Amino acid sequence: MAKSWKEWERPLLELEDLLAKARAALKTAEPEEMAQAEQKIADFERRRDNVVEVLYSRLGPWEKVLVARAEPRPYALDYIAAMFTDFIELDGDRRFGADHAIVGGPAMLSGRGVMVVGQQKGRNIQERQFRNFAMAKPEGYRKAIRLFEMADRFKLPVITLVDTPAADPGVESESRGISEAIAASIMKMFELRVPIVSVVIGEGGSGGAIGIAAGNRVLMQEHAVYSVIPPEGCAAILWRMPEKGAQAAAALKLTAQSAHEFGLIHEILPEPFGGAHRDPAAAAAIVKDGIERHLADLSKLSESELREDRYGFYRKMGRFNEVSRV
Amino acid sequence: MRLGKAPRAEETGAFVQCQNCRKTLFRKEFEEALLVCPSCGHHHRLSGMGRIDATFDPDSFHEIDRELSSLDPLEFPEYREKLEGAMKKTGMNDPIVSGTAQLEGILVSVAVSDFSFMGGSMGSVAGEKITRTLERAASGGMPAIIFCATGGARMQEGLLSLMQMAKTTAAVQRCREAGVPFICIFTDPTMAGVLASYASVADVIIAEPKALVGFAGARVSKQAQVVKAPDDFQTAEFVLKSGMIDRIVPRREMRSTLARLVRMLGGGMT
Ligand SMILES: [Zn+2]
C-alpha cells in the first residue's frame, strides 16, 4: 500500500522526469541527432501514456484518497483563478478573527456575479501552516456564513469548493464553538434564496466538508473523495491499525462513484487523463462547465422553489427499512 | 420506571455501586433519584425509555417510527453483527426513541437517544427519526425536545451518515420558520457529527452536569492541540463557560425546567 501520492505515482513521475530531460536535450541537439532525439521523446511519451493508463484506469478507493490529497492537485484558489474573473477576496468573520483555511468573495463567472467560498490547502510548509492544512476554525465557518448572507442580500448565486481533511479539532476551536459554527453554516445554506452549487474538488472530509457543501447541486470530481471519517481514523477504530487505510477506504465507499450511486451527489465531473493535476486548465474548464450547466438549470426556479429543491434533495438521503420485523 | 440497567448489569440485588465515587447505594434510593448518585451527584446514563419516564408525564408517551431499522447499504465489515448484537441487547432497532409526549400537559414532539445502542451513533435511521421529530413539531405546532447521547455519526454507513447532519439541520430550520421552539439537551456524551449539526442550532441548549460534550475525539484534540487543554475540557461545564450552551440543569430539575420553557416559548397543543 502506497502511503502517499508521490510513492504511488513514482514510475510515472520518473518517466515524466526522463521526458522533460529528453525535451530539453532536443533543444540543444545537433541537426544529425534530431531524429534520434525526437524518437526518444516519442518513446517516452508512449511509455508515459501507458503508465498513466495503467495507473488511472483502475484507481481503487485508496488510490483516489492519495490523488485527492496530491500536492500538485489544483486547489480552490487555482480553480477560482481559472474559472472566474475579478475575484476579490473578502476576509474576516467580524467577530473573532481571520481564517485562511476558507477563502471567499465575489467574482464574475462568464459575465455574471457570483459568490465563491472554498477551502484552501497549501503546497509548502509555510503555506500549509498559513492555511492550517485547510482545516477551518470557527471563524472560517463564520466568515462563510457572512458571505452566504451577503450573496442572499445581493442575489448572487453561491459556488462552494470543498477540499478539507477535516475541521480544525484543536482546543481553541472547541472553546470558540467549532460545532456550532459548522451547524450554523449548514443551516444558513438552507435559508438562502439563491442557487448554490457545491463542488468537491479534493478531500471532502466529514463535518468540515458538509459545513460548506449543502448546495442545491453537489458535484464531485472523478478522483475526489467524500467521507464521514478519514480512512486512517476508521482503520484505527476497526482494526487498531491506522496503516490499514486502504481497506478502510474500500469499506467506507468514499469515492465519487459510490456517492453518486447512493444519490448523495448529482454528477461526477471527469478529470483529464492522469488526473486534474496533469492538466489543471482542462480540469477547471470541466468544473466550470458543470457549474454553469447546473446554475442554468437552477435559474428556472423561484426563491421558494430553490429552498424546497435543496430541502428535498437532502430530505431523501438515507437507506433504511420501514417495515416491522416480526 | 424503566430507568435502564443499573451501573453494573450483573448487580441485581438491593445494592448498586456508583460508577464515580464507588459508594454502595440502595438501589431503590438510586432509582428514585433517577440514577443520580445521592452521595457525589454523578449522573449515570439513562436508557431511552428511562429518559422518557424520568422526563415526561406518566403514560403520555406515544412512540412513532419504532419500525424503522437499519440496512447495511455499504456492506461494511462487521456492521450486521454489531447491529444484531445491539438489537438483541436493547430490544430496540436504533438508539433513537421518538414520538409525542406531554410535559405538564403540553404536547411535545420528542426524541431521546440511548447510548447503549452502538454508542448512540447517527446513521440513516437516527437521522430520519430526528428529522421526522422536528418536522412533526413544525407541522403540528408543537415544541421539539431532543435528548442527545451519542458518539456522533455512524461510521458504518459512511457518507450516508454524514449527510444526516445536513438533513437534520435543515429540519431545525423548518421549526424556526414554523415558530416552534426546539430545546436540545446534551447528556453524556454529546459528540462530533451530532454536536456539529442539529444539536448546536437548537433555540435552547441545556446540558446535564459533567456530560462529555465535544467535536473531536479526545485523542484527536489532544494530538492537535497547541494550547494545553484545561482540566474540564469537553465537559458541560467547559462549554457553558465558553458560551456554547445556555445552562446546566441537574436531572431532578430537568422536567420542571423544560415545562417552564415550553410554556413560555410556545404553548403548543394540549
Ligand atoms: Zn457517587
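Within 15 Å, Cβ to Cβ, of B:His62, how many net charges do the neighbouring residues add up to if Lys/Arg are +1 and Asp/Glu are -1?
-2
What ³J(HN,Hα) values, in whole Hz, does the Karplus curve 6.51 cos²θ - 1.76 cosθ + 1.60 give for region A:302-309 when θ = phi - 60°, with x put for Gly and Pro?
For region A:302-309, the Karplus-derived couplings read 6, 4, 6, 5, 4, 5, 5, 4 Hz, x marking Gly and Pro.
Using a Förster distance of 35 Å, how high is the FRET efficiency between A:Arg94 and B:Cys40, based on the Cβ-Cβ distance and rounded to 0.05?
Details: r = 44 Å, r/R0 = 1.25.
So the FRET efficiency works out to roughly 0.20.
Please give the average number of partner chain Cβ atoms lying within 10 Å of the Cβ of each residue in A:228-236, rounded to a whole number.
4
What average number of partner chain Cβ atoms lie no more than 10 Å from the Cβ of the residues making up B:193-203?
Details: counts 7, 3, 7, 17, 8, 3, 3, 10, 8, 1, 0.
Neighbouring Cβ atoms belonging to other protein chains average 6 per residue here.
Given an 8 Å cut-off on Cα distances and at least 6 residues of separation, report the relative contact order of region B:46-265 as a percent.
Working: 434 pairs, mean separation 36.0, N = 220.
Over region B:46-265, the number comes to 16 percent.
Counting other Cβ atoms within 10 Å, keep those with at most 16, restrict to DSSP loop, and tell me which trypsin sites (Lys or Arg not before Pro) in region A:1-65 are left. Don't skip to the answer; put the middle values down first.
Values: sites: A:Lys3, A:Lys6, A:Lys21, A:Arg23, A:Lys27, A:Lys40, A:Arg46, A:Arg47, A:Arg48, A:Arg58, A:Lys64; in loops: A:Lys3, A:Arg58.
Of the trypsin sites (Lys or Arg not before Pro), the ones in loops of region A:1-65 whose Cβ has at most 16 other Cβ atoms within 10 Å are A:Lys3, A:Arg58.
For every helix of n ≥ 4 consecutive DSSP H residues, a contribution of -39,500 (n - 2.57) applies; sum these over chain B, divide by its total residues, and give [θ] at 222 nm rounded to the nearest 500 deg cm²/dmol.
Working: 9 runs with 96 residues, N = 270.
Roughly -10500 deg cm²/dmol at 222 nm, from the helical runs in chain B.
Between rounded, prolate and oblate, where does region A:195-326 land on the alpha carbon gyration tensor, with a ≥ b ≥ c its root eigenvalues, rounded for a/c under 1.5, else prolate if a/b exceeds b/c?
Values: a/c = 2.39, a/b = 1.17, b/c = 2.04.
Cα axes put region A:195-326 in the oblate bin.
Identify the GluC sites (Glu not before Pro) of region A:17-92 meeting these criteria: DSSP loop state and at most 14 other C-beta atoms within 10 Å of the C-beta. Could the numbers behind the result be given before it?
Details: sites: A:Glu32, A:Glu33, A:Glu38, A:Glu45, A:Glu53, A:Glu63, A:Glu89; in loops: A:Glu89.
Those that pass, being in a loop and sparsely packed, are A:Glu89.
With each pseudo-label sitting 7 Å past Cα toward Cβ, what's the A:Gln36-A:Glu14 distance in nm, one decimal?
So the label points at A:Gln36 and A:Glu14 sit 2.4 nm apart.
With contacts defined as alpha carbon pairs under 8 Å and 6 or more residues apart, what's the relative contact order of region A:66-315 in percent?
Working: 522 pairs, mean separation 42.4, N = 250.
Relative contact order of region A:66-315: 17 percent.
Are there any helices in chain B, counted as whole DSSP H runs, that stretch 27 Å or more along their axis by Cα and score at least 0.0 on average by Kyte-Doolittle, and if so which?
Details: long enough: B:158-178 (32 Å, 0.15).
Result, helices passing both filters: B:158-178.
Using packing as a proxy for protection, rank A:286-295, A:130-139 so that the peptide with the highest average count of other Cβ atoms within 10 Å comes first. The partial results should precede the final answer.
Numbers: A:286-295: 19.3, A:130-139: 23.4.
Going by the mean number of other Cβ atoms within 10 Å, highest first, we get A:130-139, A:286-295.
I'd like the isolated cysteines in chain B, meaning no second cysteine's beta-carbon lies under 4.7 angstrom from theirs.
If one checks each Cβ against the other cysteines of chain B, B:Cys148, B:Cys175, B:Cys184 turn up with nothing under 4.7 Å.
Once you've got the GNM for chain B with C-alpha springs shorter than 10 Å, pick whichever of B:Leu68, B:Leu195, B:Leu34 has the biggest mean-square fluctuation.
Result: B:Leu68 has the largest fluctuation of those listed.
Within 11 Å, Cβ to Cβ, of B:Asp94, how many net charges do the neighbouring residues add up to if Lys/Arg are +1 and Asp/Glu are -1?
Values: positive: B:Arg66, B:Lys129, B:Arg154; negative: B:Asp65, B:Glu67, B:Asp114, B:Glu128.
Here the charged neighbours net out to -1.
Using per-residue counts of other Cβ atoms within 10 Å, averaged over each peptide, order A:220-232, B:170-182 from highest down. Display every interim value, and only then the final one.
Working: A:220-232: 25.8, B:170-182: 21.2.
Those peptides, ordered most packed to least, come out A:220-232, B:170-182.
Which parts of region A:280-320 would a label at A:Ala81 reach, counting a residue when its backbone N lies under 13 Å from a point 7 Å out along Cα-to-Cβ?
A:280-281
Where does the Debye-calculated log10 I(q)/I(0) of the protein assembly as shown sit at q = 0.06, 0.08 Å⁻¹, using only Cα point scatterers of equal weight, no solvent?
For the protein assembly as shown, the Cα-only Debye profile gives -0.33, -0.57.
For a quick check, take a GNM of chain A with Cα springs below 10 Å and name the residue from A:Gln257, A:Gln247, A:Gln120 with the largest mean-square fluctuation.
Checking each option, the largest mean-square fluctuation is seen for A:Gln247.
Non-local amide H neighbours of A:Leu269 (under 5 Å, H modeled in plane, Pro and chain starts lacking H): which ones?
A:Met220, A:Gln221, A:Glu222
Output the pairs from A:Lys137/B:Lys228; A:Lys188/B:Lys129; A:Lys155/A:Lys300; A:Lys137/A:Lys188; A:Lys64/A:Lys244; B:Lys167/B:Lys241 with a Cα-Cα distance over 20 Å in this structure; if there are none, say none. Intermediate results must be reported in sequence, preceding the final value.
Numbers: A:Lys137/B:Lys228 17 Å; A:Lys188/B:Lys129 22 Å; A:Lys155/A:Lys300 14 Å; A:Lys137/A:Lys188 17 Å; A:Lys64/A:Lys244 15 Å; B:Lys167/B:Lys241 29 Å.
Going by Cα-Cα distance, A:Lys188/B:Lys129; B:Lys167/B:Lys241 fall outside the 20 Å limit.
Just tell me how shielded B:238-250 is by partners: mean number of partner chain Cβ atoms within 10 Å of each residue's Cβ, no decimals.
2
Rule-based calculations on the coordinates, nothing more; no lab input. For clarity, every value in this text was computed on a predicted model and none was experimentally measured. Virtual Cβ from ideal backbone geometry, glycine too; neighbours counted across all protein chains shown.
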